[in-house]
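J.: Dropping the structure in here first, questions after.
Each value in this text was obtained by applying a stated rule to the coordinates, not by laboratory testing. These figures come from a predicted structure and were not determined experimentally. So basically every Cβ, Gly included, is an ideal-geometry build from the backbone, and we count neighbours across all protein chains shown.
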Amino acid sequence: MSILTAILILLALAAIFGMILGFAAVHFKVDEDPVVDQIDNILPQTQCGQCSYPGCRPYAEAIANGDEINKCPPGGEATIHALAELLGRDFVALDEEHGEEKGKRVALIREAECIGCTKCIQACPMDAILGAAKQMHTVIADECTGCDLCIEPCPVDCIDMVPVEVTLNDWRWDLPGAPETQLIATDRSTPVTEASA
Amino acid sequence: MNWQPNKHLHTFHGGIHPPENKDQSTQAPIEAALLPDKLVLPLQQHIGQQAKSLVQVGDNVLKGQMIAEPTGYVSAAVHAPTSGTVTAIETHALPHPSGLSERCVIIAPDGKDTWTELTPVADYQQLDKSALLQHIGNAGITGLGGAGFPTSVKLNPSEDLPINTLILNAAECEPYITADDMLMRERAEEVIQGLQIIAHILQSEQCLIGIENNKPEAIEALQHAVEALQLTEQIRVERIPVKYPSGGEKQLIQILTGKEVPNGGIPADIGIVCHNVGTAVAVYRAIAKGEPLISRITTITGDAVARQGNIEVLLGTPIEALLAHFNIQQEQLHRLIMGGPMMGFTLDSVTLPIVKATNCILAATNRELPDPAPEQACIRCGMCSEACPATLLPQQLYWFSKSREFDKALSHNLLDCIECGACSYVCPSNIPLVQYYRFAKGEIRIEEHERTSSDHARLRFEARTARLEQEEAEKEAKRQARAEAAAAAKIAKEAASDAGECGEKTAVDPKAAVVQAALDRAKARKAQKAAAAKNTADAPTADKADDAAPAMSAVERAKARKAARAAEQSSDGETADQGKKKAAKVSALEKAKTKRSQNSESPSTEGDALPSLNKAPQKTASKGLSALERAKAKRAADSDKQPAEAASTTDSSQEAKPTMTMSALEKAKAKRASAAQPEVPATVQAAPASADNETDNAAAEAKPLSALERAKLKRAQNVTDNAAESAGNKAGKSAEAGSEKPMSALERAKAKRVEAAAQSVSENTESAEPAQTTESATEKPAAAMSALERAKAKRTEKAAQQAAEDSTADTDKRD
């Protein structure tokens, strides 16, 4: 009798929990993997396609599905670190196959040479190139993410990628601590005499 | 004098007591400004956006003239510190820790120091806040304490933040610097008046002047000034204990009021605004004297200069000129620092200019400020956290900054650090802690910027993708609509053709039959009508098609129309139309044919065409000439040929040409034939005349007969002509007259022939068959000319003969 009571109680409990789980599965269902959004937020949104995916979000989806996290040259090491931390994976060096990390750059059209073909305008994922057919084009530097996608379609090769110059407003201090200030002899990269000299 | 700090004052956590080193520079009064060889005025001497240059190279500027205007809300104007010429606007290294170069206006002073026209405010109390702020903004005033924030912005806090306390920062806690001290000692009244103006703008209830009690002369001067201006009620001079960094804004507020500025907030959030004494003087000068900010008090100190002191220096003065003025000893100079030893930064060059925020130039010797000792490992002693005036945990921040764990640094309130350097000062391991924090702050700022820009980029990319998709969808929708329309049309067409297939067959056959029947009937009727209906000859082919239509019976026409409509509806209507057109054309051709025959008939007014053509020549040839008979036969053949096939006329006329080379008779024959040809298409009026004349001429030319016979023949011809032309046309008349006066008659005939030719040319467009008329037009003159020329000689001798013949004939007649 007591065994029967125990079984009934357990069955009742199982039924209740099953109903709760069933309710949750329907009403708290997550349509999209939220980790994709998180990954997408980390990616630099240059939409350059160097990762071999057509934009940052497709790469984010690929990473969520298990692709490597070191395929984003514009993001560089900082992005790889952030992704590693988010996904609990190990840090991997940037895959050189997809390009190397360069500083922030923006496209610059040598306007005298521009023939107004609009090909770069169509290529730009940011709508950062202004111009019309047979009119000179120009890059809106503030909107340019430096994705390089406009370089290839240009028939007259009049687009340069120029590094962004540091101004007073975006200058920042460097990390202090040069290696030669190491006091312990074995930490030094150069002999003491040379360092002191 | 009471040297004890006020009992009601508060204190802040931590703080240090570095050697003051202020006495060296307070021994001499403030020196007057020196005029250097050139002034370098950076367009950005402030926090915010770079000012926009208003001058060009070569412009002459006056002292106090605005040379760069602010470009945004947080921006400040730049003015010419003295009169002179703009020699360049170029990038020049700035006195900034980055050592970056920015755009500067470079002025060569002319030495005259001529002021521009100044607009002082007579009574600032009459002006409202915005007007005063405008004035201060135009004067280019920024905070002179060191940060360089535009004063007009700081004086304009948000409306929902009422300011109840105005604090004048006169603490000047950093070692070596005495610029504010000397300013207060010498210009205390200006300081107090400036404070009054600021208090008026901010509508603050109380004013506090926070001053460290290591400046007794300045305190005394201020109190005297306050008493002299009878402002003791509103303004209170607070002596505060000497402790670094009591001059920090947040620390001074805490000392004076006990309140703390909230994390991430500004003093205005707690109803307090803090300004530097130098700024107060600048505001006073801008309002009361109209002078913009063109100079400031700067301390030149350090053991490397022989003479230490304060100087009123024009903005843009190169530091080397100042150092030279204070007798710099180059060999002694170890480090050149802008600002104080705690918060200042090392300058790489002596060519850098003095800017609005330059309160001190410290030319230190090696003994004074030795190189920092090598950095050692943090031993977690905790001295830094004891010294920190912001109650932070400096060593934690150090670890987080070094390992780039900026999130953790932020959660430890890194941004509350005022970078005072107290932690670095006390660190036994000589760790440059502040540099780590500066680095971390910069990285965080950049990361934040990158995040916002990448969000912005994502938005733009998504907007673009959405736009492209929408365009694609619109295109697709349009294409779909077109495809649907095409499919619907196709279905309709198929249905129509299915229905029309049987109908069309039945429609086509009866149509052809109807057209044929109509044509036949029309032909028959034309033949009947031809003689009577001369007037319709000129009608164009279109009318003829209409003529053909009435020829059908009403029922038949209706049938044809229905068939045509059915054909049209089934989108094959074109063939039906073409058939209709063809029918019209055929009927037109038929009509033209009958018309031609009709024209040739017309003179004889008889129904049968061919016999009538032959009639007149028959009469002329009745004199018994085989040649003429042959000509007759030929003409008949030609006229037979012409109605039969329109195209063959070309051949016949070409055939006529070779005959020219034949004998005169044959030529005459050919001529008559060619004459007959043009006559056919020619108009009603022209045809009979030319026909008659030509028969005349041909007869005259062709016959190598005796004069008598010829005369007879002619007369007979004329008579028959006259008889035939009962209508009494011109040709007949001239022929009649020609019997009396053959010369004139012949000449007239000639003229008429030419006229007829011209007429036929002009009527080319009107005639039903243009090919024929053009041929006749070309053929006729050629044939006529050669014939006429040959005939002319003959005619002259004939004339006399005819005259004789006429007389004899007359006599014969009479007889």
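J.: Which of the residue pairs B:LYS402/B:LYS441; A:LYS102/B:LYS408; B:LYS243/B:LYS402; B:LYS22/B:LYS215 have a Cα-Cα distance greater than 21 Å in the structure shown? Let's see the in-between values first.
T.: Values: B:LYS402/B:LYS441 12 Å; A:LYS102/B:LYS408 27 Å; B:LYS243/B:LYS402 29 Å; B:LYS22/B:LYS215 10 Å.
Violating the 21 Å Cα-Cα cut-off are A:LYS102/B:LYS408; B:LYS243/B:LYS402.
J.: What does the net charge come to around B:ASP113 if you take all other residues with beta carbon closer than 14 Å to its beta carbon, with K and R at +1 and D and E at -1? Don't skip to the answer; put the middle values down first.
T.: Working: positive: B:LYS63, B:LYS112; negative: B:ASP110, B:GLU291, B:GLU312.
In short, -1.
J.: Taking just the alpha carbons, could you work out the radius of gyration and Dmax for region A:103-165, both in angstroms?
T.: So, for region A:103-165, Rg and Dmax equal 10.3, 32 Å respectively.
J.: If I take the Cα coordinates of region B:11-126 and project them onto the principal axes, what are the three extents in Å, biggest first?
T.: Largest to smallest, the principal-axis extents are 53, 39, 36 Å.
J.: Using the Cα centre of region B:318-475 as origin and beta-carbon charges of +1 (Lys, Arg) and -1 (Asp, Glu), tell me which of B:ALA387, B:ASN430, B:HIS334 is placed farthest towards the positive end of the dipole.
T.: B:ALA387
J.: At 4 °C and 1.567 mPa s, what whole-number value in µm²/s does Stokes-Einstein give for the translational diffusion of region B:23-364, with Rh from the Kirkwood sum over Cα pairs?
T.: Values: Rh = 20.1 Å.
The estimated diffusion coefficient comes to 64 µm²/s.
J.: With 10 angstrom as the radius, rank B:SER401, B:SER158 by how many other C-beta atoms surround their C-beta, starting from the fewest. Before the final figure, lay out the partial values.
T.: Working: B:SER401 26, B:SER158 9.
Ascending number of Cβ neighbours within 10 Å: B:SER158, B:SER401.
J.: Okay, moving on. Using only Cα atoms and rounding to the nearest 10 degrees, what angle (0 to 90) does helix A:2-27 make with the longest principal axis of chain A?
T.: Tilt of helix A:2-27: around 30 degrees.
J.: Also, quick follow-up: To the nearest 0.05, how large is the calculated FRET efficiency for B:LEU468 and A:LEU108 if R₀ is 25 Å and r is the Cβ-Cβ distance? Each step should come with its number before you reach the end.
T.: Working: r = 25 Å, r/R0 = 1.01.
After rounding to 0.05, the efficiency reads 0.50.
J.: May I pose another question? Please check chain A for the longest run free of chymotrypsin sites (Phe, Trp or Tyr not before Pro) that are loop-located per DSSP (anything but H, G, I, E, B) and have at most 14 other Cβ atoms within 10 Å. Please report the intermediate quantities before stating the final value.
T.: On the way: sites that count: A:PHE28, A:PHE91, A:TRP171.
Counting only loop sites that pass the neighbour cut-off, the longest clear stretch is A:92-170.
J.: In addition: Starting with the fewest neighbours, write out A:ILE115, B:ILE491 ranked by other beta-carbon atoms found within 10 Å of each beta-carbon. Write down the numbers at each step before the final one.
T.: Working: A:ILE115 14, B:ILE491 10.
The most exposed by this proxy come first: B:ILE491, A:ILE115.
J.: Follow-up question, since we're still on this one. Mind checking the mean number of beta-carbon atoms from other chains within 10 Å of the Cβ atoms in B:445-454? Don't jump to the answer; show the numbers that get you there.
T.: On the way: counts 3, 4, 2, 0, 2, 5, 4, 0, 6, 11.
Mean partner shielding for this stretch: 4.
J.: Still on this model: Mind putting together the pair-distance distribution for region A:34-98? All Cα pairs, 5 Å bins, whole percent per bin, short to long.
T.: Cα pair-distance distribution for region A:34-98, in percent: 4, 22, 35, 30, 9, 1.
J.: Just to be sure I understand the model, the point goes 7 Å from the Cα along the line to the Cβ. What's the resulting B:THR114 to B:ARG451 distance in nm?
T.: 5.7
J.: Another question about this same structure. Counting pairs of alpha carbon atoms under 8 Å apart in space and at least six apart in sequence, what relative contact order in percent does region B:23-364 give? The partial results should precede the final answer.
T.: Values: 833 pairs, mean separation 78.9, N = 342.
Computed value for region B:23-364: 23 percent relative contact order.
J.: Given R₀ = 51 Å, what would the calculated FRET efficiency be for B:ASP123 paired with B:THR91, taking r from the Cβ atoms and rounding to 0.05? Show your work: numbers first, answer last.
T.: On the way: r = 44 Å, r/R0 = 0.85.
Rounded to the nearest 0.05, the efficiency is 0.70.
J.: Just to confirm my numbers, what's the Cα centroid distance between region B:283-308 and region B:368-399 in Å?
T.: First find each Cα centre; the distance between them is then 34 Å.
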